[in-house]
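Report on one structure; see the data block that follows.
Values quoted throughout were computed directly from the atomic coordinates according to the rules given, and no laboratory measurement underlies them. Small disclaimer: the values here were computed from a predicted structure and weren't measured. Virtual Cβ from ideal backbone geometry, glycine too; neighbours counted across all protein chains shown.
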């Protein structure tokens, strides 16, 4: 089965979407990423969509779902690299990508994740008393 | 006078059809000389409507037409299904309205991406959506 690779860079998961995704592939990514956040104890998820030629309401919903699920698992999600034509179309379509943080490119997205750990921190990050 | 330069009918039954139709519309939009933004808008509109045809209409077809008026070039897409139809079109065109998996901005949002948008639907007989994007 076709899959979208998930790379781990320390505590950040990096996903680069490079294909015109079938709806099922997008849902598979959503499930795998959510599971991976737990097994990798990830604090951040970076999704690079610079190769995506469109974002329709379905893909938009998948991105929002990933961000919402990641947040419940104490990880932040940043979507990076959106093409200008895609951004213009998204706004006209009325899609707001609820709860999804965006950054211009991978570098800026990583800088954000490094600077802003998920709110409250983790129990195991707290200083031992 | 408007002439149809080229036309083609494609099936919309599976997710693979959805991906294929998006790619075909992209190629036709490029061929008609659409800007990148207009290509993106018409392909996104195609994706929304083709998914409706497959998911809500139980499958159907899309007819593609490359149009020319001499000075203007355009693309017309006609999505047809014989599914359950839409009982309240005015409601279905409202942003935020949804019956299923979508975000409920399929129709109202899609209308904003194209130049002309026409929808007819008969409960029990199906739905026909015709969109035109002029360059």
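Antiparallel DSSP bridges in the protein assembly as shown: what percent, to the nearest 5?
About 75 percent, rounded to the nearest 5.
Angle check, please: helix A:23-39 long axis (alpha carbons) against the longest principal axis of chain A (alpha carbons), in degrees 0 to 90, nearest 10.
So the helix axis and the longest Cα principal axis differ by about 10 degrees.
If you take the beta carbon distance between residue B:35 and residue A:72 as r and set R0 to 41 Å, what does 1/(1 + (r/R0)^6) give as a FRET efficiency, to the nearest 0.05?
0.50
For region A:1-105, report the translational diffusion coefficient in µm²/s to the nearest whole number, using Stokes-Einstein at 20 °C, 1.002 mPa s, and a Kirkwood Rh over Cα pairs.
157
Could you tell me how many cubic angstrom of Cα convex hull volume region B:5-133 has per residue?
Measuring per residue, one finds 96 Å³ for the Cα hull of region B:5-133.
What is the ratio of the Cα radius of gyration of the protein assembly as shown to 2.2 N^0.38 Å, with N the residue count, to two decimals?
Dividing the Cα radius of gyration by 2.2 N^0.38 Å gives 1.11.
Counting partner chain Cβ atoms within 10 Å of every residue's Cβ in A:18-25, what's the average?
That works out to 3 on average.
What ranking of B:80, A:86, B:42 emerges when the number of other C-beta atoms within 10 Å of each C-beta is taken as an exposure proxy, fewest first?
B:80, A:86, B:42
Working from the alpha-carbon coordinates of region B:14-84, get Rg over Rh, Rh being the Kirkwood radius.
Over the Cα atoms of region B:14-84, Rg/Rh equals 1.01.
How much mean residue ellipticity at 222 nm does chain A get from its helices, if each DSSP H run of length 4 or more adds -39500 (n - 2.57) and you divide by all residues, to the nearest 500 deg cm²/dmol?
Value at 222 nm, helices only: -13000 deg cm²/dmol.
Going 7 Å from the Cα of residue A:51 in the Cα-to-Cβ direction, what parts of region B:16-60 have a backbone nitrogen less than 16 Å from that spot?
Those under the cut-off are none; the list is empty.
Going by alpha carbons, how many degrees (0 to 90, nearest 10) lie between the helix axis of B:15-31 and the longest principal axis of chain B?
30
Hey, can you rank B:48-54, B:125-131 by average C-beta count inside 10 Å, highest first?
The densest-packed peptide leads the list: B:48-54, B:125-131.
Give me the distance in nm between label points sitting 7 Å out from Cα along the Cα-to-Cβ direction at residue A:40 and residue A:3, one decimal.
Rounded to a tenth, the inter-label distance reads 1.3 nm.
Mind putting together the pair-distance distribution for region A:1-62? All Cα pairs, 10 Å bins, whole percent per bin, short to long.
21, 56, 23, 1
In degrees, nearest 10, range 0 to 90: what is the angle between the Cα axis of helix B:36-55 and the longest Cα principal axis of chain B?
Approximately 30 degrees, to the nearest 10.
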